[in-house]
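Read-outs throughout are calculated quantities, based only on the coordinates presented, and are distinct from any laboratory measurement. Bear in mind that the values here come from a model prediction, so they are computed numbers and not experimental data. Every residue, glycine among them, receives a Cβ derived from its backbone with ideal geometry; neighbour counts consider all protein chains shown.
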Amino acid sequence: MSRLLERNGLRALRLGERSWLLRPKALWVGGLLAMLATGLLLGGLTQGSLPIPVSAIGRALFYPEVLAEQQQYIVWDIRLPRLLMAILCGAMLGMAGAAMQSITRNGLADPGLIGVKEGSSAVVLVLILLFPALGLMWRPLAGMAGGLLVAALVAVLARDFSRPRFVLIGIGVSWAFSAAIGVFMTTADVRDVQTALLWMAGNLHAASWPLVTVAFCWALPAAVLLLMTARASDAALLGNQAATGLGVSLARLTVLRFIAPVLLTAASVSCVGSIGFVGLIAPHMARFLLRGGQVALLCGSALLGSLLVLLADSIGRLAFAPLQIPAGIVISLIGGPFFLALLWQRRDRL
């Protein structure tokens with residue numbers, strides 16, 4: 001048995017009566033990705049309109065009182081919340097895309113392509129412009145309500161998650177909501193339009209510690225739910241009959257694995273606006289680099305999603321300084337051609 005596992009690149013880890021199958025190569029790749037994300041985080045803390053030496057970053061994080069007041073404010077109140085928000089939102093969107101692609105068995109599925117982002121954006125936009133006095137905690141609730149309603153509408157119209165028409169109907173609904181937002185943009189007050197455009201572009205410049213806390217509190221239960229149902233999802237990929245024979249409740253699994261990505265997407269949209277294509281690109285990269293089951297796919301997609309948003313935000317913040325390009329625009333420049341390539345690859349199956 002051990003030789004068979006070694007030939008397939010697996011190792012057995014036993015702790016008492018429990019045992020797990022690990023893939024050392026995936027662990028190495030995951031460790032490298034985590035180190036790369038840490039490097040981007042530290043680099044982002046040092047670079048900007050006021051460069052801060054690397055040696056000062058450690059003091060800023062552990063002994064902030066030794067820094068000048070300006071440096072302390074820049075590191076703790078501006079750059080660190082923004083970078084942590086980029087990591088958190090990238091992880092949420094990556095996991096949401098991986099779960100959506102698994103449940104639909106369609107590599108084109110993504111919460112942004114089935115209207116969840118647009119539904120959440122429309123409701124949160126109404127909340128921001130018409131009820132500005134409401135606190136931050138209401139945004140994820142409103143975004144989740146809008147996202148769930150749109151997701152339910154697409155599910156009712158498609159009637160089957162596993163067919164390509166689910167994605168195609170979702171794209172149509174997404175365009176409909178985009179058109180509604182466009183009508184609002186052309187008829188609203190100029191100041192409201194500027195506020196909406198800045199928020200919808202996926203801009204991380206307004207990130208703050210309260211926003212990071214809100215995003216984390218909503219993301220954690222959804223991420224735990226996906227990880228807890230990962231083994232059942234692996235069984236479901238074997239087919240409905242095999243999964244039922246293994247004791248998997250497909251109806252319950254479908255509901256849980258459908259709601260969790262919507263919650264993750266709505267939390268991200270509510271905090272930083274619409275950042276597209278992360279949930280589409282990250283799972284494909286994770287499958288290519290890590291392989292393995294749902295746990296590896298979810299964790300890898302979270303890491304790669306964080307890297308994508310971190311890199312996009314760093315490029316938009318530093319490459320054209322003092323002008324800042326929103327991370328959502330930078331990601332779209334990459335995601336658009338990637339989506340077209342996937343469509344061309346699957347042209348005979350649509």
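What separates the Cα centres of region 234-264 and region 84-148 is a distance of 22 Å. Around the Cα centre of the chain, unit charges on the Cβ atoms of Lys, Arg, Asp and Glu (plus for the first two, minus for the last two) sum to a dipole of about 1320 debye. Loop-located trypsin sites (Lys or Arg not before Pro) in region 241-350 (DSSP state not H, G, I, E or B) with no more than 11 neighbouring Cβ atoms inside 10 Å: Arg347, Arg349.
Determine the shape class of region 122-228: with a ≥ b ≥ c the square roots of the Cα gyration tensor eigenvalues, call it rounded for a/c under 1.5, and otherwise prolate if a/b is greater than b/c, oblate otherwise. Since a/c reaches 1.5 but b/c is at least a/b, the shape of region 122-228 is classed as oblate.
What does the C-alpha gyration tensor say about the overall shape of region 82-178? Classify as rounded when a/c is under 1.5, otherwise prolate if a/b is larger than b/c, or oblate. Oblate, because a/c is 1.5 or more while a/b does not exceed b/c.
Net charge around Pro283, counting only other residues with Cβ within less than 14 Å of its Cβ (Lys, Arg = +1; Asp, Glu = -1)? Don't jump to the answer; show the numbers that get you there.
Details: positive: Arg105, Arg257, Arg287, Arg291; negative: Asp110.
Result for the local shell: +3.
Give me the net charge for the shell around Asp313: Cβ to Cβ below 13 angstrom, other residues only, Lys and Arg +1, Asp and Glu -1. Result for the neighbourhood of Asp313: +3. Among Cys217, Cys271, Cys299, Cys89, the order by Cβ neighbours within 10 angstrom, fewest to most, reads Cys217, Cys299, Cys271, Cys89.
Using only the alpha carbons of region 51-345, what is the convex hull's orientation-averaged projected area in square nanometres? Provide the component values of the computation, followed by the final result.
Working: hull surface 67.1 nm².
That works out to 16.8 nm², a quarter of the Cα hull's surface.
Two decimals is fine: what is log10 I(q)/I(0) at q = 0.12, 0.13, 0.14, 0.18 Å⁻¹ for region 230-337, from a Debye sum with one equal scatterer on every Cα and no solvent? Relative scattering, expressed as log10 I(q)/I(0), comes to -0.53, -0.60, -0.68, -0.96.
Please give the net charge around Ala196, taking every other residue with its beta carbon less than 15 angstrom from that of Ala196, where Lys and Arg add +1 and Asp and Glu add -1.
0
Sequence-distant contacts, meaning Cα pairs under 8 Å at least 6 residues apart, place the relative contact order of the chain at 27 percent. Helices in the chain that qualify as membrane-span-like (whole DSSP H runs, Cα extent of at least 20 Å along the helix axis, mean Kyte-Doolittle hydropathy of -0.5 or higher) are 24-46, 80-104, 116-130, 138-158, 164-187, 209-228, 250-272, 294-318, 327-345. Basic side chains Lys and Arg get +1 at the Cβ, acidic Asp and Glu get -1 at the Cβ, and with that the dipole of region 211-350 about its Cα centre reaches some 280 debye. Using the alpha-carbon centroid of each, what span in Å lies between region 32-50 and region 168-220? The distance from the Cα centre of region 32-50 to that of region 168-220 comes to 27 Å.
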